[in-house]
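The values are calculated or read from the model by the stated rules, or taken from the named source; none is laboratory data. What you are looking at is a predicted structure, and each value in this text was computed from that prediction instead of being measured. Quick reminder, even Gly has a Cβ in these numbers, built from the backbone with ideal geometry, and neighbours come from all protein chains shown.
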Amino acid sequence: MESANDTGVYDKVKDYYGHTIQTTDDLATNACTMDKSAMTRPIREATALIHPEIIQKNYGCGAVIPEGVKGRSMLDLGSGAGLDCFVLSRLVGEEGRVVGVDMTKEQLDVARRYVDYHTEKFGYSCPNVEFKEGYIECLDKAGIESETFDFIVSNCVVNLSPDKGAVLREAYRVLKPGGQMYFSDIYTNQEMPQALKDNSVLWGECLSGALKWTELVQLAMDIGFAPPILVTSVTFTSDNDTVSQLLAEAGSPDLKFCTATYRLIKTSWDKCNTDDPIVDVEYKGGISGHEKSVKFSYQGELLANTKVPMPESTATLLSQLPMDVSIVGPSPSITTPYPKISGYLTVDPFKVAGGSIEMTTPKALSGGCCSGPKSCCS
Ligand SMILES: C[S@@+](CC[C@H](N)C(=O)[O-])C[C@H]1O[C@@H](n2cnc3c(N)ncnc32)[C@H](O)[C@@H]1O
């Protein structure tokens, strides 16, 4: 047990999501409120088909729908009332498959009640989504076999777990080789004071269990993932005076929170590659909703059919993902805004959110409405 007053953290979280809160209006803070800025057109269209009760019971803190999911197998850790699962159910198509795992019966009951509704709404002959009861620290007990999923998503859940190492080890186990965990969660800039770890309301609100971002990076690397790729990051301050006071009383005036989305990729990478030549990569525009550009990491977008220079280590990893990106060959460029893969280890989400690490747009992409991090094209 890494935290929380006692060993009852699971029961407290279950009680919080099963009884204390019924809709987003009941949340005590703004931590579990979703930033919708990263929604592409297909995601917005799929979300528009979701039953209003599911929308009201959405406690996610980010956008966790990765690119290239059509026909793929998806696992949602801590699926709650199922919003992300139902959106994915639509996006993977009838030939894809979505499994949500959650430990809270009341959340599962809501999600399961709407499976037939969405199956019919999407025009499928049988459901492609199911919800399993279980703990994300031991997916084997929920019957999830090794190397069975292309993607794992998770929205504001890992912070609630008292054993984050077990969650990430299980995620690694059940991902297929080359698969990726694409997830949003809350992180801090320094270690959580014990007084806050012991506060069960703040734990339930996804604050007290938050990892310092460097802990997430270390944990993921220890388990065998490639260096975590930061995709988005937004800092936030609590909108609740009592919470702000608690934070102040805990004697950590400099403690900050951010919501960040990371890609954890299950692939081998060459740790010893010091010779990392610059190569050109090109995105072919083949992902629905991302025809004009796609965003691989926080640095900005890859414009379709445009050569972009990046270190070979980064390009190799990117070309292994289902993102319709290929390496064209050696680049005449000498510099690139993209770090080599090992460079992602030190990317501080607080600096990215605060703008002191720029969301650089590669020169090849400048100009036009699609060139900046706030693309209008998706
Ligand atoms: C903040 S809510 C997010 C729910 C959902 N992902 C969403 O975006 O609406 C957290 C969910 O994670 C579930 N959860 C927390 N810890 C868990 C664990 N160790 N195993 C399984 N589910 C867990 C809770 O039951 C709750 O439904």
### Message
Return the pair list, or none, for Cβ contacts closer than 6 Å from residues in segment 124-149 that are aromatic (Phe, Trp, Tyr) to residues that are within 16 Å of the ligand (Cβ to nearest atom) and modelled with pLDDT of 95 or more, at least 6 apart or on different chains.
### Response
131/100; 131/108; 131/111; 131/112; 135/103; 149/75; 149/174
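Quick one: would you say residue 315 is under 26 Å from residue 349 (Cα atoms) and in contact with a strand residue (DSSP E or B) (Cβ under 9 Å, 6 or more places away or on another chain)? So that I can check it myself, show each step before the final result.
Working: under 26 Å from residue 349 (Cα atoms): yes; in contact with a strand residue (DSSP E or B) (Cβ under 9 Å, 6 or more places away or on another chain): yes.
Spelling it out, residue 315 is indeed under 26 Å from residue 349 (Cα atoms) and in contact with a strand residue (DSSP E or B) (Cβ under 9 Å, 6 or more places away or on another chain).
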### Task
Name every residue in segment 50-82 that is free of Cβ contacts under 8 Å to residues at least 40 places away in the same chain and either more than 12 Å from the ligand (Cβ to nearest atom) or within 20 Å of residue 320 (Cα to Cα) (or both), in order of residue number.
52, 71
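Listed here are the residues, each with its yes/no results for (1) surrounded by 24 or more Cβ atoms within 10 Å (Cβ to Cβ); (2) modelled with pLDDT of 95 or more; (3) not assigned by TED's automatic domain parsing to the domain that holds residue 296.
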{"residue": "162", "(1), (2), (3)": "no, no, yes"}
{"residue": "173", "(1), (2), (3)": "no, yes, yes"}
{"residue": "201", "(1), (2), (3)": "no, no, yes"}
{"residue": "209", "(1), (2), (3)": "yes, no, yes"}
### Query
How about segment 13-44: which of its residues are modelled with pLDDT of 65 or more and either of a type in the set (Val, Ile, Thr) or not assigned by TED's automatic domain parsing to the domain that holds residue 201 (or both)?
13, 20, 21, 23, 24, 29, 40, 43
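Residue-by-condition table, conditions (1) among the aliphatic types (A, V, I, L, M); (2) more than 15 Å from the chain's Cα centre (by Cα); (3) crowded, with 19+ Cβ neighbours inside 10 Å:
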position: 42; (1), (2), (3): no, yes, yes
position: 56; (1), (2), (3): no, yes, no
position: 62; (1), (2), (3): no, no, yes
position: 95; (1), (2), (3): no, yes, no
### Message
Need a quick list: helices (runs of 4 or more DSSP H) entirely within segment 88-203 having at least 3 residues that are more than 16 Å from the ligand (Cβ to nearest atom).
### Response
115-121, 194-197
### Summary
Counting only residues that are crowded, with 16+ Cβ neighbours inside 10 Å and in contact with a helix residue (DSSP H, G or I) (Cβ under 9 Å, 6 or more places away or on another chain), segment 313-330 contains a total of 6
#### Entry: Considering residues of segment 281-299 that are part of a loop (DSSP other than H, G, I, E, B) and polar (S, T, N, Q) only, the residue surrounded by the most Cβ atoms within 10 Å (Cβ to Cβ)
299
### Summary
Exception for residue 85 within (1) buried (at least 21 other Cβ atoms within 10 Å of the Cβ); (2) more than 11 Å from the ligand (Cβ to nearest atom) falls at (2)
